[in-house]
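Chemist: Next up is a structure, given as structure tokens.
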Number of protein chains: 2
Amino acid sequence: MPDGVEKKPSRIQQRNRRRILDAALDVFSKHGYRGATLDQIAEAAGLSKPNILYYFDGKEEIHVTLLNQLMETWLDPLVTLDPDGDPLREILGYVQRKLDMARDLPRESRLFAGEILQGAPRMAPHLVSGLQPLFDEKCAVIKAWMDRGALADVDPRHLIFSIWATTQHYADFDAQVRVLLREDARCHDGAGQYLQTLFTRLLTP
Amino acid sequence: MPDGVEKKPSRIQQRNRRRILDAALDVFSKHGYRGATLDQIAEAAGLSKPNILYYFDGKEEIHVTLLNQLMETWLDPLVTLDPDGDPLREILGYVQRKLDMARDLPRESRLFAGEILQGAPRMAPHLVSGLQPLFDEKCAVIKAWMDRGALADVDPRHLIFSIWATTQHYADFDAQVRVLLREDARCHDGAGQYLQTLFTRLLTP
DNA sequence: TCGTGCCTTTACCAAATGGTAAAATTTGCC
DNA sequence: GGCAAATTTTACCATTTGGTAAAGGCACGA
């Protein structure tokens with residue numbers, strides 16, 4: 001057996017770790033790191049607290065594991081941005097993918113938002129090592145599109161920020177959106193149409 | 001003395017209540033409601049914990065008081081939106097005021113964001129009684145502007161959401177913005193220019 | 001200056017919470 | 001079936017935390 005390689009986890013391990021992480025995502029995204037308790041996570045996972053601690057070294061490890069897993073999912077839509085595609089279509093596609101994620105993965109969006117809101121205490125390294133290089137790379141791609149006149153000229157960094165802000169808003173500020181739209185079921189489609197218009201008008205040369 | 005009217009608080013009362021609220025704003029905005037402790041607030045305020053509880057009935061009352069005070073400040077820029085002003089100028093002015101607030105009152109922005117993120121458990125009534133009517137009113141104003149052709153036709157509700165999202169992003173996601181812009185000191189001006197362009201292109205008929 | 005009422009501190013407490021030790025149970029393999 | 005290893009439970013523990021009781025200090029008007 002190769003050195004330093006752990007043997008594959010048993011079926012029970014896999015199932016229980018997944019259960020715990022899913023429960024923890026629920027609880028952490030609802031109450032924040034400090035607001036979440038191991039008892040809540042344990043109950044949501046259908047396991048006892050000591051049993052939770054058999055699978056994870058502690059509350060923090062659960063949180064960090066969640067954040068690590070999330071990073072990949074979260075960056076995926078940006079990774080997909082294709083330098084060889086049609087610029088406007090690529091951007092609008094990115095906006096739509098981000099908006100769909102806000103609808104389909106609101107817990108993940110809120111977990112991420114909560115972590116950043118509190119200064120990214122457990123995520124700062126990931127931001128620098130994972131997000132920053134990708135951000136710089138895609139900014140350069142967008143800049144190149146603008147330089148060859150395929151998109152209107154704006155600051156690519158703020159462009160990306162505004163895409164993140166507008167799309168994630170629907171997940172992170174859901175409580176507010178629901179009150180103001182009175183639970184409008186067509187909210188997502190309306191937001192999609194609006195954002196497509198917004199970025200089309202901004203970027204059409 | 002009129003019935004049910006409390007006599008005006010002493011100078012000491014005023015000073016200490018203000019100190020406590022300022023300290024609490026610091027602590028709550030940094031760590032969230034559950035993450036904040038009375039001990040932290042007490043230390044930041046330069047008072048003992050029981051002394052804090054002499055001025056407020058408990059942790060929750062401090063938080064609610066803060067939220068109540070914040071509501072007024074927070075809605076003010078929207079209140080100012082003038083139905084008789086020049087439509088585009090009014091909207092762009094609103095964007096700028098919100099962005100300035102994100103720079104000047106980041107603690108308030110994060111306190112608000114944290115509360116909404118967790119489902120507005122202590123603020124839902126205020127949203128319905130304070131924000132919702134104002135939101136509806138200003139949506140109607142914007143709608144009227146669009147109907148008479150002074151602004152391009154988009155959904156006013158999503159327009160307002162996108163203004164909130166893009167401006168508050170710089171306060172709420174500061175930790176991320178700082179990493180990605182590498183602490184760029186000119187960030188605020190850059191954001192201002194970008195957002196003015198964004199909403200001008202969207203709304204110019 | 002003296003007492004009354006406002007303010008502050010000291011010394012506590014009960015509940016909640018993250019975590020542990022070790023016994024008991026179950027699982028998977030021969 | 002039987003046994004070793006993996007899993008789960010029971011019974012705890014130390015710390016943190018929101019909150020209280022009551023005594024002490026202080027300011028200020030009579």
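Chemist: Determine, at each q value in 0.16 (inverse angstroms), the log₁₀ of I(q)/I(0) that the Debye formula gives when each Cα of the range A:123-162 is one equal point scatterer.
Modeler: For the range A:123-162, the Cα-only Debye profile gives -0.43.
Chemist: Over the Cα atoms, compute the radius of gyration (one decimal) and Dmax (the largest Cα-Cα distance, rounded to a whole number) for the range A:88-169, in Å.
Modeler: Rg, Dmax (Cα atoms, Å): 14.0, 40.
Chemist: Normalised by the residues of chain B, what does the relative contact order come to in percent, with Cα pairs under 8 Å and at least six apart?
Modeler: Here the relative contact order equals 23 percent.
Chemist: Per residue, how much accessible area does the range A:63-203 have with a 1.4 Å probe, in Å²?
Modeler: 39 Å²
Chemist: Within the range A:109-205, list the GluC sites (Glu not before Pro) lying in a DSSP loop whose Cβ has at most 10 other Cβ atoms in a 10 Å radius.
Modeler: Filter output for the range A:109-205: A:Glu183.
Chemist: Measure nothing but the geometry: give the 0 to 90° angle between the long axis through the Cα atoms of B:132-147 and the longest principal axis through the Cα atoms of chain B, rounded to 10°.
Modeler: So the helix axis and the longest Cα principal axis differ by about 10 degrees.
Chemist: Relative to the longest principal axis of chain B, what angle (0 to 90°, nearest 10) does the C-alpha long axis of helix B:187-203 take?
Modeler: Between the helix axis and the principal axis of chain B, the angle is about 50 degrees.
Chemist: Moving on. Multiply the residue gap between B:Val64 and B:Ser48 by 0.36 nm, knock off their C-alpha separation, and tell me the result in nm, one decimal place.
Modeler: Computed gain between B:Val64 and B:Ser48 is 3.7 nm.
Chemist: Related question: Go through the range A:139-192 and name the trypsin sites (Lys or Arg not before Pro) that are in a DSSP coil and have 11 or fewer other Cβ atoms within 10 Å of their Cβ.
Modeler: Answer by residue number: A:Arg148, A:Arg182, A:Arg186.
Chemist: Here's a follow-up. Taking a label point 7 Å from the Cα of A:Ala140 along the Cα→Cβ vector, which residues of the range A:72-93 have an amide N closer than 17 Å to it?
Modeler: Zone members listed by number: A:79-85.
Chemist: Based on alpha-carbon centroids, what's the gap between the range B:99-177 and the range A:127-145 in Å, whole number please?
Modeler: Comparing the Cα centres of the range B:99-177 and the range A:127-145, I get a distance of 28 Å.
Chemist: By how many degrees, between 0 and 90 and to the nearest 10, does the Cα long axis of helix B:87-104 differ from the longest principal axis of chain B?
Modeler: Long axis of B:87-104 versus the principal axis of chain B: about 30 degrees.
Chemist: Something else about it: Students often get this wrong, so check it: of B:Lys59/B:Lys143; A:Lys98/B:Lys98; A:Lys49/B:Lys30; A:Lys30/B:Lys143; A:Lys49/A:Lys98; B:Lys98/B:Lys143, which have C-alpha atoms separated by over 32 Å?
Modeler: Over 32 Å Cα-Cα: B:Lys59/B:Lys143; A:Lys30/B:Lys143; A:Lys49/A:Lys98.
Chemist: With a 1.4 Å probe on protein heavy atoms only, work out how much accessible surface B and A bury together, total over both chains, in Å² to the nearest 100.
Modeler: Separately minus together, B and A give about 4800 Å² buried.
Chemist: Let me ask something else about it. With no solvent and one point on each alpha carbon, what is the Debye value of log10 I(q)/I(0) for the range B:127-201 at q = 0.22, 0.25 Å⁻¹?
Modeler: With one equal scatterer per Cα and no solvent, log10 I(q)/I(0) is -1.01, -1.13.
Chemist: Beyond 26 Å, what percent of the Cα pairs of the range B:64-203 remain?
Modeler: Cα-Cα pairs in the range B:64-203 separated by more than 26 Å: 27 percent.
Chemist: Here's something else I'd like to know. For the protein assembly as shown, what is the largest minus smallest coordinate of the Cα atoms on each principal axis, given in angstrom and ordered from greatest to least?
Modeler: 87, 59, 42
Chemist: Could you work out the local net charge near B:Pro77, counting Lys and Arg as +1, Asp and Glu as -1, over the other residues with Cβ closer than 15 Å to its Cβ?
Modeler: Around B:Pro77, the surrounding residues sum to -3.
Chemist: Please report, as a whole percent, how much of the solvent-accessible surface of the protein assembly as shown comes from carbon and sulfur atoms (probe radius 1.4 Å).
Modeler: 50 percent
Chemist: Then there is this: So what's the back-of-envelope 222 nm ellipticity for the protein assembly as shown, counting only DSSP H runs of four-plus at -39500 (n - 2.57) apiece and dividing by all residues, rounded to 500?
Modeler: Calculated from helices alone, the mean residue ellipticity at 222 nm is -24000 deg cm²/dmol.
Chemist: Still on this model: If R₀ is 45 angstrom, what is the calculated FRET efficiency for the pair B:Leu75 and A:Arg17, using the beta carbon separation as r and rounding to 0.05?
Modeler: 0.50
Chemist: Hey, another quick one. Across the Cα atoms of the range B:7-52, what radius of gyration and what greatest pairwise Cα-Cα distance (Dmax) are found, in Å?
Modeler: Both quantities, over Cα of the range B:7-52: 11.1, 35 Å.
Chemist: Still on this model: Could you compute how much accessible surface A:Met101 exposes when probed at 1.4 Å, giving the result in Å² to the nearest 10?
Modeler: 30 Å²
The values are calculated or read from the model by the stated rules, or taken from the named source; none is laboratory data. All values derive from a computational prediction rather than experimental measurement. Glycine gets a Cβ as well: all are built from the backbone with ideal geometry, and neighbour counts include every protein chain shown. Protein only, heavy atoms only, side chains kept; ligands, DNA and RNA dropped before computing areas. Shrake-Rupley method; radii C 1.70, N 1.55, O 1.52, S 1.80 Å.
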